[in-house]
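The values are calculated or read from the model by the stated rules, or taken from the named source; none is laboratory data. This one's a predicted model, so the numbers in the text were calculated from it and none came from an experiment. Neighbour counts are summed over all protein chains in view; Cβ atoms, including those assigned to glycine, are modelled from backbone coordinates with ideal geometry. In case anyone asks, the SASA skips ligands and DNA or RNA and just uses the protein heavy atoms, side chains included. Shrake-Rupley method; radii C 1.70, N 1.55, O 1.52, S 1.80 Å.
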Amino acid sequence: MELLNRLDEKFETHLERLKEFVAIPSVSTDPQYEADIRRACEWVREQAVAAGLTTEVRETARHPAVIAHNGFRQGLPHLLIYGHYDVQPAEEESTWKHPPFQPTLEDGHLYGRGASDNKGQILAHLCALRALHEMGRELPVNLTVLVEGEEEIGSPNLTEVLKQLAKERPPIDLAIVSDTSTAVKGRPTIQYSLRGIVIAEVFLKTAAREIHSGIFGGTTENAIRALVRLVAKAHDDNNRVTIPGFYDAVREPMEWEQAELESLPFQEEPYLEWIGASQAVGESGFTTNQRRWFRPTLEFNGITGGYQGKGSKTIVPHTASVKFSARLVPDQDPVEIADLLQKWFLQNCPPGAEIDYQKGHAGPAYLIGRDEQERALLETAKGVMREAFEVEPLISRHGGAIPIVTPFETILGAKTLLMGMGLPDDGVHSYDERFSLEQFRKGIRMSALALHRLGKSSG
Ligand code: BES
Ligand code: MN
């Protein structure tokens with residue numbers, strides 16, 4: 001197709017843009033990067049302007065979002081392309097091969113924080129739009145592009161923006177999100193489900209002060225011991241979460257997805273090899289893919305307590321804390337699960353300790369494909385991917401969360417197609433994050449095709 005070749009020809013220019021974008025350290029969780037957040041937001045706005053869109057920076061209580069549109073023409077379907085310009089922290093710079101905010105090309109990838117989450121993907125859309133604009137092509141759809149700066153902190157203010165959009169604009173028929181990674185390497189993947197999330201932190205205290213472990217040790221509770229006992233109690237020997245009610249709302253897979261799951265060309269060996277783990281460990285009775293896509297989990301993300309400095313210090317610590325997050329599957333209610341977790345931690349607080357429990361953000365899982373119409377939409381998306389990537393796509397669930405996808409449905413009334421461009425070994429949220437240049441090139445093709453094909457089936 002002529003159009004796709006034209007896009008490929010511009011690849012060097014697209015790559016230069018990606019380097020510029022990744023060089024901006026737009027870390028959303030740390031106030032020290034406030035100016036860079038603004039810079040990234042403005043950079044995205046400029047790209048949207050260059051793509052011929054009408055743009056606006058919408059302020060929120062924290063980080064602003066870019067909203068762009070192509071002018072609304074009567075009778076056309078309305079698509080929404082969503083992504084985020086904020087990135088996860090990259091504070092452990094020394095563990096990176098290349099500094100995280102000095103994008104570097106190596107072995108067919110661009111390395112840098114945010115390259116694959118989500119700057120590469122959102123830029124792929126903007127590059128496709130700009131190229132189409134430069135070719136003088138008018139889009140066969142009404143389009144809104146929404147690029148936010150709070151995804152990595154749970155999109156706390158974006159639902160407010162969606163409510164405004166619902167009032168200001170013609171209704172949105174379909175959202176396209178490419179902020180996911182393929183199920184296996186070498187096969188583009190349409191995802192029809194995301195997991196939800198509940199985040200919390202426990203601060204445990206056993207005394208008013210740190211004490212000498214010789215004079216006082218063994219006579220009052222040790223905060224580390226109390227916390228570790230509590231943490232260990234949350235799972236049983238079969239790696240099942242012991243918290244009552246945790247699995248109550250979990251449903252069996254639908255028949256069609258069970259069939260997709262079974263035919264998925266997944267190999268556990270390279271999966272474990274990339275992680276560098278000696279064996280798979282998880283809830284008994286489930287396969288690796290069931291565990292990461294169909295089952296909820298409770299994961300401890302960070303733990304502190306006692307003396308962490310050089311050498312030794314003979315004390316009994318009086319405080320310890322743990323950060324954790326639960327990944328939810330469809331039909332689990334994040335509010336209920338958040339309450340259930342809180343209740344359990346408070347009830348199980350060891351004698352001699354007290355807990356300050358702090359809830360973090362929470363969001364539900366997402367699922368489409370429950371009826372024929374949604375499955376037809378997934379098939380159309382598969383066709384777009386097949387043509388752009390020239391490989392037969394897979395259909396799978398996804399284990400990550402994109403908190404705003406469910407509000408697209410509840411506030412805007414729009415279903416979301418997850419057409420991920422990332423690869424499983426891109427290192428998102430980890431060090432040496434990278435984006436495959438081949439995925440970038442094909443993702444740009446996919447975006448252009450999607451705009452031409454998906455409007456028709458979204459109504
Ligand atoms: N892009 C990710 C979702 C994702 C996860 C894609 C794994 C590919 C692989 C998204 O930006 C993300 O990281 N979401 C967070 C949400 C959380 C902070 C609320 C997640 O899943 O941890
Ligand atoms: Mn992320």
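Quick notes on this structure:
- Residues in segment 403-418 that are open to solvent by less than 20 Å² (accessible area, probe 1.4 Å), within 12 Å of ligand 1 (Cβ to nearest atom) and over 24 Å from E252 (Cβ atoms): I404 alone.
- Within segment 298-327, the set of residues being part of a strand (DSSP E or B), open to solvent by 30 Å² or more (accessible area, probe 1.4 Å) and touching a residue at least 60 places away in the same chain (Cβ under 8 Å) comprises F300, I303, I315, T319, K323, R327.
- Candidates D331, D339, D356, filtered to the one that is at pLDDT 95 or above and either over 28 Å from K205 (Cβ atoms) or assigned by TED's automatic domain parsing to the domain that holds T410 (or both): D331
- Within segment 130-157, restricting attention to residues that are outside any loop (DSSP other than H, G, I, E, B) and of a type in the set (D, E), the residue that is most open to solvent (accessible area, probe 1.4 Å) is E134.
- Number of positions in segment 253-291 that are touching a helix residue (DSSP H, G or I) at 6+ places or on another chain (Cβ under 8 Å) and in a loop (DSSP other than H, G, I, E, B): 8
- Segment 1-120 holds strands (runs of 3 or more DSSP E) entirely within its bounds, and those carrying 3 or more residues that are open to solvent by less than 60 Å² (accessible area, probe 1.4 Å), touching a helix residue (DSSP H, G or I) at 6+ places or on another chain (Cβ under 9 Å) and modelled with pLDDT of 95 or more map to 54-58, 65-69, 78-84, 109-111.
- Consider segment 108-130 and keep the residues that are touching a Ser or Thr at 6+ places or on another chain (Cβ under 6 Å) and under 16 Å from G420 (Cα atoms). The one that is nearest to ligand 1 (Cβ to nearest atom) is Q121.
- Once segment 346-361 is narrowed to residues that are open to solvent by less than 60 Å² (accessible area, probe 1.4 Å) and either within 12 Å of ligand 1 (Cβ to nearest atom) or not in a loop (DSSP other than H, G, I, E, B) (or both), the residue that is farthest from P317 (Cα to Cα) is G360.
- Reported count of residues in segment 149-180, each being farther than 30 Å from S436 by Cα and away from ligand 1 (no atom under 16 Å from the Cβ), is 14.
- Residue within segment 431-446 that is farther than 20 Å from P330 by Cβ and modelled with pLDDT under 95 present: yes
- Those strands (runs of 3 or more DSSP E) of segment 363-436 in which 1 or more residues are small (G, A, S) and touching a residue at least 12 places away in the same chain (Cβ under 8 Å) occupy 394-397, 434-436.
- Residue match in segment 434-450 (condition: within 26 Å of Y111 (Cα to Cα), open to solvent by 30 Å² or more (accessible area, probe 1.4 Å), within 16 Å of ligand 1 (Cβ to nearest atom) and outside the structural domain of A226 (by TED's automatic domain parsing)): yes
- Of the candidates R209, R195, the single residue that is within 15 Å of ligand 1 (Cβ to nearest atom), farther than 21 Å from V145 by Cα and charged (D, E, K, R) is R195.
- Scan of segment 183-210 for residues that are open to solvent by 10 Å² or more (accessible area, probe 1.4 Å) and of a type in the set (S, T, N, Q), ordered by number: T206
- Within segment 91-118, the residues that satisfy the criterion of being within 12 Å of ligand 2 (Cβ to nearest atom) and not acidic (D, E) are R113, G114, A115, S116, N118.
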